[in-house]
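Each remark here refers to the structure printed beneath this line.
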Amino acid sequence: MEQHEGSLRAIAVIGAGTMGNGIAQVAAMAGLQVTMIDISDEAVQRGKSTLARSLDRLVKKGTLAAADSQAAQARVRGSTAYTDIAGASLVIEAATENLELKLRILRELDRLADADAVIATNTSSISITQLAAVLQRPERLIGTHFFNPVPMMALLEIIRGLQTSDTTHARAMDFARLVGKTPITVRNRPGFVVNRILCPMINEAIFVLDEGLATPEDIDTGMRLGCNHPIGPLALADMIGLDTMLAVMKVFYDGFADPKYRPAPLLQEMVAAGRLGRKSGHGFYRYD
Ligand code: NAD
């Protein structure tokens with residue numbers, strides 16, 4: 001694969017976890033040089049091995065040539081030093097979802113990134129406008145909300161904060177297309193578009209269950225066969241994790257100050273009981 005010759009040559013990704021190494025993978029496959037930064041050598045190595053295994057699977061499936069997998073891996077450099085973001089025209093923050101942490105990281109990126117670099121954040125729930133406010137130049141921050149697993153999911157939500165400039169937006173759109181994603185542009189509000197619609201739908205399914213209207217199996221069958229959803233809302237909640245679902249509904253409830261987003265009482269009960277879904281082996285369904 002040829003290295004990309006356009007204005008976007010090199011990117012940096014902050015955080016080598018689930019999302020960070022996925023973003024690094026799709027960027028490297030598109031021919032970009034990638035610097036992937038985490039807090040420890042161990043975390044960087046873990047990210048690189050996950051990325052290598054993911055590329056390996058594509059080679060085994062026959063969708064990627066072995067030589068292209070090698071070339072993509074060679075384009076990813078791991079590091080624990082933020083100074084290594086120098087030379088990147090786009091820096092994507094994909095570290096742990098925590099406001100204080102992200103504010104600290106973004107201040108550092110603002111100080112160390114090239115003067116004309118775009119800074120992006122993969123946050124799912126924190127306001128892009130609020131994060132931008134700590135930058136010297138808030139107009140260069142934008143949300144790039146990837147979906148999990150990054151190499152498989154075609155969508156990229158591009159979130160414009162109140163201060164995001166048109167140039168920053170245009171460059172994020174170019175990046176989305178370069179890495180083979182379909183971008184949609186969203187104004188900054190809690191949950192953006194997809195989670196704003198998806199999570200209240202799941203929350204409503206939990207109300208329906210709690211009211212005893214139908215069994216979990218029948219609720220899920222209803223939405224699969226009646227709406228052509230690939231998976232029912234309760235099975236999906238178990239996959240997402242009920243603690244994550246509750247956290248998202250609380251963000252909506254507080255963010256909009258609107259009772260229509262109140263978390264279903266049964267959701268709160270299940271989290272209090274430690275029934276978190278697949279990750280705890282028991283949610284609306286049982287898992288071995
Ligand atoms: P994760 O826990 O898998 O990875 C986070 C990584 O950030 C870890 O490797 C951690 O060591 C690293 N990190 C922590 N502090 C750091 C610092 N100061 N500098 C550099 N790296 C640091 O989390 P994730 O699931 O990859 O989530 C990352 C971001 O993506 C979050 O903002 C999350 O809300 C968002 N997101 C997650 C998903 C998902 O399904 N997992 C989907 C969309 C968006």
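Structure notes:
- Once the Kirkwood radius over Cα pairs is known for segment 27-76, the Stokes-Einstein relation at 25 °C and 0.890 mPa s delivers a diffusion coefficient of 218 µm²/s.
- Fraction of alpha-carbon pairs over 20 Å apart in segment 113-225 - percent: 50
- Here segment 171-288 has an Rg and Dmax of 15.9, 49 Å, counting Cα atoms alone.
- Relative contact order %, segment 10-187, counting alpha carbon pairs below 8 Å whose residues are six or more apart: 21
- Across the alpha-carbon set of segment 10-187, the Rg to Rh ratio works out to 0.95, Rh being the Kirkwood radius.
- Within segment 233-276, backbone nitrogen closer than 12 Å to the virtual label 7 Å beyond the Cα of residue 227 toward Cβ: 233-237
- Highest mobility in the GNM of the chain, judged by mean-square fluctuation with C-alpha springs under 10 Å and restricted to 161, 31, 20, is found for 31.
- Helix 216-227 vs. the chain, principal-axis angle (Cα, 0 to 90°, nearest 10): 60
- Alpha carbon centroid spacing (whole Å) that separates segment 240-288 from segment 188-224: 11
- The chain - mean residue ellipticity at 222 nm from DSSP helices (-39,500 (n - 2.57) per run, n ≥ 4, rounded to 500): -14500 deg cm²/dmol
- Using a probe radius of 1.4 angstrom, the carbon and sulfur fraction of the accessible surface of the chain is 53%.
- When exposed loop sites are taken as GluC sites (Glu not before Pro) in a DSSP loop with at most 12 other Cβ atoms within 10 Å, the longest stretch of the chain clear of them is 6-210.
- Whole-angstrom gap from segment 110-142 to segment 58-83, using each part's C-alpha centre: 27
- Solvent-accessible area per residue for segment 10-187 (1.4 angstrom probe, square angstrom): 43
- For segment 198-265, average projected area of the Cα convex hull in nm²: 4.4
- The angle between the Cα long axis of helix 194-210 and the longest principal axis of the Cα atoms of the chain comes to about 20 degrees, rounded to the nearest 10.
- The chain: antiparallel DSSP beta bridges as a percent of all, rounded to 5: 20
- The mean accessible area for residues of segment 195-279, using a 1.4 Å probe and ignoring ligands and nucleic acids, is 53 Å² per residue.
- Seen against the Cα atoms of the chain and their longest principal axis, helix 18-29 is set at about 40 degrees.
The values are calculated or read from the model by the stated rules, or taken from the named source; none is laboratory data. Nothing here was measured: the structure is a model prediction, and the numbers come from that model. Glycine gets a Cβ as well: all are built from the backbone with ideal geometry, and neighbour counts include every protein chain shown. Surface areas here come from the heavy atoms of the whole protein model, side chains and all, with no ligands, DNA or RNA. Shrake-Rupley method; radii C 1.70, N 1.55, O 1.52, S 1.80 Å.
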